[in-house]
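Take a look at the structure set out below.
Nothing in this text is a laboratory measurement; each read-out follows from the coordinates by a stated rule. Bear in mind that the values here come from a model prediction, so they are computed numbers and not experimental data. Reconstructed Cβ throughout: ideal geometry from the backbone, glycine too, with neighbour counts over all protein chains shown.
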Amino acid sequence: MADVKKVRYGIVGIGKQGTWYAKFIFKGLDKNAELAAICDISKERREWAEKNLQGVKIFEDYNEMFKSGLVDAVMVETPHYFHPVIVKAALEANLNVMSDKPAGVYTKAVRETVEFAKTKPELKCALLLNQRTNKVYREAKKIIDSGALGKLKRITWIITNWYRPQAYYDQGGWRGTWAGEGGGVLLNQDPHQLDLFTWLAGEKITKVWAKAKTVGRKINVENDVTAWCEFESGATGVFITSTHEAPGTNRLEISGDGGKIVISGKNDLSMKLEFTKNDVPEPEFSATNTVFMGKPKTKTTVVKYSPFEVIKILIKNWGFQHPDVIRNFSNVILGNEDKLIGRYEEGLNGLTFSNAIHLSSWTGKEIQLPIDEELFISELEKRKAEEAKSSKK
Ligand SMILES: NC(=O)c1ccc[n+]([C@@H]2O[C@H](COP(=O)([O-])OP(=O)(O)OC[C@H]3O[C@@H](n4cnc5c(N)ncnc54)[C@H](O)[C@@H]3O)[C@@H](O)[C@H]2O)c1
């Protein structure tokens, strides 16, 4: 790619999400990118592209697009089961590739693609983890990596503001089904939080216990989850999520020896981070304090977007988060930046947690990681078969 000035993109799947990335690149909003081709199995979407993306080559079969010689990089914007399959096919065709989240539905398929990617180190293989670009999560990562939070004690995330009414699920298609989507809130809405949970904790999860239920909606998949986990260091985590609570909550608490980070807010741009730092680490305080009911002294700092930053993002950046990830992908391909915001292989962390949550709920047992991948697949297949039987009735 050294002699190329712009990355020529091909997008597989121009439904809701793929269409907005296609428009973004087509309008020239990433100066290092051009939209060379799109591919969709839907005639209606191809006809839309013909009318609205003039000059862009249109394909029905992604392998044809990959072979065409027209593209340098692929974005995968199909339903989840296809993600690891199409990522691997793009790499086989010697193309750079970025998949939207999640990396896949089950870890076995993603792991196999990750192993294959290692045989092509010259290609960039990314995952579209747009929420990692949010200022508050970047700040949390900085605090944790600097050592200021100290040894992790607990990470707790209540993310119940992904509200989805029955009408959302009634639109049909692949959403809200085991066969189409591979799960509910864990696979559709939460891949961002599951990624951030594991990314910020910075440790491997070793055990998971969870209940995943369907509450108040006519769907087969889960829309209500309460999960507990333990990390390598013995620190613990709690992850609570739903799509049926109104109003919902988005609150992340990470506590360590050095204090506590709290991130909360109604939407991505109004999120606020509060870091309350202990003047001495808690274990040291407890070992040396002589005052009955004494507590470490603390100092709190707050980080959030200023109104000026919000305006700049919305007007100049053409949206929030996703443009940054696309521009980063182009820059890394062209050698203008070193690090991808999200590497495809990192998708295994959140997906492993997600698969372990399902497996614990399905078996009623605490799950030790790494999970039994074959057991996960056979349990998932059982649910797909039951779903197929009930839809025939
Ligand atoms: N990062 C984010 O913020 C974010 C937000 C929403 C959705 N997503 C992800 O984007 C992906 C797409 O979601 P969506 O809402 O756009 O779905 P969608 O159903 O609107 O679009 C999917 C498109 O893929 C096409 N398609 C399916 N199989 C294909 C194949 N084999 N080859 C070519 N095209 C194929 C369909 O015809 C459809 O047009 C999902 O993985 C979803 O999780 C990401």
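Charging the Cβ of each Asp and Glu at -1 and of each Lys and Arg at +1, and nothing else, the dipole of segment 1-61 about its Cα centre rounds to 260 debye. Of the beta bridges in the chain, as assigned by DSSP with both residues counted there, near 60 percent are antiparallel. In this Cβ point-charge picture (+1 for Lys and Arg, -1 for Asp and Glu), the chain has a dipole of about 980 debye about its Cα centre. Each helix, a run of at least 4 DSSP H residues, gives -39500 (n - 2.57); summed and divided by the residues of the chain, these come to -11000 deg cm²/dmol at 222 nm. Pick out which of Glu203, Glu44, Glu60 has the largest mean-square fluctuation in a Gaussian network model of the chain, springs linking Cα atoms closer than 10 Å. Taking springs between Cα atoms under 10 Å, the residue moving most is Glu44.
For Gly184, nonlocal amide neighbours, meaning residues 5 or more places apart or on other chains whose placed amide H falls under 5 Å from its own, are Glu222.
If I model the chain as equal point scatterers sitting on the Cα atoms and use the Debye formula, what is log10 I(q)/I(0) at q = 0.10, 0.11, 0.14 Å⁻¹? Scattering profile of the chain, log10 relative to I(0): -0.70, -0.85, -1.33. Taking the charge dipole of the chain about its Cα centre, with +1 at Lys and Arg Cβ atoms and -1 at Asp and Glu Cβ atoms, the residue from Leu95, Leu186, Ser361 reaching farthest to the positive side is Leu186. Could you tell me which of rounded, prolate or oblate describes segment 95-150, using a ≥ b ≥ c as the square roots of the eigenvalues of the alpha-carbon gyration tensor, with rounded for a/c under 1.5 and, failing that, prolate when a/b is larger than b/c and oblate otherwise? The shape class here is prolate. Under 1.5 on a/c is rounded, so check that first for segment 328-393, then, if it is not, pick prolate when a/b is larger than b/c and oblate when it is not; a ≥ b ≥ c are the square roots of the alpha carbon gyration tensor eigenvalues. Here segment 328-393 falls in the oblate category.
Farthest toward the positive end of the dipole of segment 1-67, out of Gly55, Ala33, Ile11, is the Cα of Ala33, where the dipole comes from beta carbon charges about the Cα centre. The simple spin-label model puts a point 7 Å past each Cα toward its Cβ; for Lys384 and Thr301 those points are separated by 4.9 nm.
Using only side-chain charges placed at the Cβ, +1 for Lys and Arg and -1 for Asp and Glu, the dipole size of segment 240-321 relative to its Cα centre rounds to 340 debye. With a Förster radius of 25 Å applied to the C-beta separation of Asn289 and Val238, the computed FRET efficiency comes to 0.35. Structure remark: mean-square fluctuation, Gaussian network model of the chain, C-alpha springs under 10 Å; the largest value among Thr288, Thr276, Thr300 belongs to Thr288.
Our coupling estimate for segment 370-380, obtained by passing each phi through the Karplus curve with A = 6.51, B = -1.76, C = 1.60 and θ = phi - 60°, is x, 6, 7, 5, 5, 4, 4, 5, 5, 5, 5 Hz, Gly and Pro reported as x. A full extension of the chain between Asp61 and Val280 corresponds to an added length of 72.8 nm, given 0.36 nm per residue minus the alpha carbon distance. If R0 is 45 Å, the Cβ-Cβ spacing of Arg154 and Lys312 corresponds to a FRET efficiency of close to 0.80. Rounded to the nearest 0.05, the FRET efficiency derived from the C-beta distance between Lys339 and Glu92 at R0 = 30 Å is 0.75.
Once fully extended, how much extra length lies between Glu50 and Lys142, figured as 0.36 nm per residue of separation less the alpha-carbon to alpha-carbon distance? In short, 28.6 nm is gained. Springs between Cα atoms under 10 Å define the GNM used for the chain, and in it the highest mean-square fluctuation of Tyr21, Tyr106, Tyr344 occurs at Tyr21.
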